[in-house]
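Below is a structure I'd like to ask you about.
What follows draws every value from the coordinates through simple rules; no lab data is involved. All of these numbers come straight from a predicted model, not from anything done at the bench. Here Cβ is always computed from backbone atoms with ideal geometry, including for glycine, and neighbour counts include all displayed protein chains.
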Amino acid sequence: MKNAYFKLHASVFLFGFSGILGKLITLQEGLLVWYRMMFTAISLGLILYFGKKFKKISRREILRISFVGFIIAVHWVTFYGAIKYSNVSITVSCFASSALFTALVEPAMTKSKIRPSELILGLFAILGVYLIFSFQTLYSTGIIIALVSALLASVFTVMNKKLTTTYDTSTIVFWEITSGFLFLTILLPAYLYIFPSPQILPSKIDFFWLLIHSLFCTTLAFTLSLSALRELTPFTVNLAINLEPIYGIIMAFLIFQENKDLSSGFYWGTAIILISVFGQAIISYWINRRKEKSIKKVHP
């Protein structure tokens, strides 16, 4: 369990840095995600091939995984779109709403009961987002897009939970990224027609950041998070991802000085999000202790 938490938080840190890269890369969000998924699919495919870790799966299951890849692609486009319309700090903070969405989406998809503690902590996260929204109306469009991105993140996290119980994590990531890239390839001409971009090819510095993004903040981060998801619940994973704003905000403050554009409501909202994160950690610890005690009573 400790190893799973380490993998989870390592992936969260890498995901947090992806927001910084999203602002450093000057490409439009659709192109950014297209290049990111292409480089990731190639690098991960080579790793699996030469490492002889490529697992064969049926065409039916590939289609099932591909649907998740499509959701991931749209999630990333909305995530980087939110950054373009607001900034890194606000986007990653609003991403915390994925906790509430997961508390509602997971029971609906798995036909399980809604857990009151998860719902309450999720509502805390939404309260934090509301405070940010109230005091940062200049970025309202970016905030709304970020909420859509958070909803999509909760959906594919729950779907990935089922997949990780059956398939190797690297294989899942490869097919998800590859299918997402193919979907974007089909949709990109229409997207660029609606949202024209003056820059199609990445500059040298953009190319460098895209490689870093693909290898570390995608291939490595996704593999670590899916591996952790084998042992942890989707809600715990998504709530831990709420630490992504903290990593992202600190880096955005240091690199872009975004703190100059943020109000007091932003800090209050972020504080409430932190309460929900640590609250979940305490509740999870308490529940696990109770399970361990009950097991010892049955099997002394």
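Hey, what number do you get for the chain at 222 nm if only DSSP H runs of n ≥ 4 count, each worth -39500 (n - 2.57), divided across all residues, to the nearest 500? Can you show the working numbers first?
Working: 13 runs with 238 residues, N = 300.
For the chain, the value works out to -27000 deg cm²/dmol.
Related question: Measuring from centroid to centroid over Cα atoms, what is the spacing of segment 139-158 and segment 4-74 in Å?
Cα centres, segment 139-158 to segment 4-74: 18 Å.
Continuing with the same structure: Contour minus end-to-end for Arg60 and Leu254, with contour as 0.36 nm per residue of separation and end-to-end as the Cα-Cα distance?
65.2 nm
Taking the Cα-to-Cβ direction at Tyr5 and at Phe195 and moving 7 Å from each Cα, how far apart do the two end points lie in nm?
3.8 nm
Now for a different question. Sorting check: for 59-67, 14-22, which peptide has the highest mean count of neighbouring beta carbons within 10 Å, and how do the rest follow? Can you show the working numbers first?
On the way: 59-67: 13.6, 14-22: 23.2.
Ranking the peptides 59-67, 14-22 by packing returns 14-22, 59-67.
Counting Lys +1, Arg +1, Asp -1, Glu -1, what net charge surrounds Leu184 among other residues with beta carbon under 13 Å of its beta carbon? Mind dumping the intermediate values first?
Working: positive: Arg36; negative: Glu29, Glu176.
Value of the local net charge: -1.
Another one. Hydropathy at least -0.5 by Kyte-Doolittle, axial extent at least 27 angstrom from the Cα trace: which helices of the chain, defined as entire DSSP H runs, fit? Display every interim value, and only then the final one.
On the way: long enough: 2-24 (34 Å, 0.70); 29-50 (31 Å, 1.35); 59-85 (38 Å, 0.78); 116-135 (29 Å, 1.90); 140-164 (36 Å, 1.41); 169-194 (35 Å, 1.46); 264-298 (52 Å, 0.24).
Length and hydropathy pass: 2-24, 29-50, 59-85, 116-135, 140-164, 169-194, 264-298.
Also: Please compute the length gained on full extension between Thr110 and Ala271, using 0.36 nm multiplied by the number of residues separating them and subtracting their Cα-Cα distance. Present the calculation step by step, with values, prior to reporting the outcome.
Numbers: separation 161, 0.36 × 161 = 57.96 nm, distance 3.13 nm.
Extra length available between Thr110 and Ala271 comes to 54.8 nm.
Efficiency by 1/(1 + (r/R0)^6): what FRET value for Ile42 and Ser134, r their Cβ-Cβ distance, R0 = 41 Å, to the nearest 0.05?
Numbers: r = 44 Å, r/R0 = 1.06.
Efficiency computed from Cβ-Cβ geometry: 0.40.
If you average the C-alpha positions of segment 240-273 and of segment 167-185 separately, how far apart do those two centres end up, in angstrom?
31 Å
Also: Quick one, what does Rg over Rh come out to for the chain if you take C-alpha atoms and the Kirkwood Rh?
Working: Rg = 19.1 Å, Rh = 19.7 Å.
Radius of gyration over Kirkwood radius for the chain works out to 0.97.
Give me the net charge for the shell around Ile57: Cβ to Cβ below 11 angstrom, other residues only, Lys and Arg +1, Asp and Glu -1.
On the way: positive: Lys55, Lys56, Arg59, Arg60, Arg64; negative: Glu61, Asp168.
Taking every Cβ under 11 Å from that of Ile57, the sum is +3.
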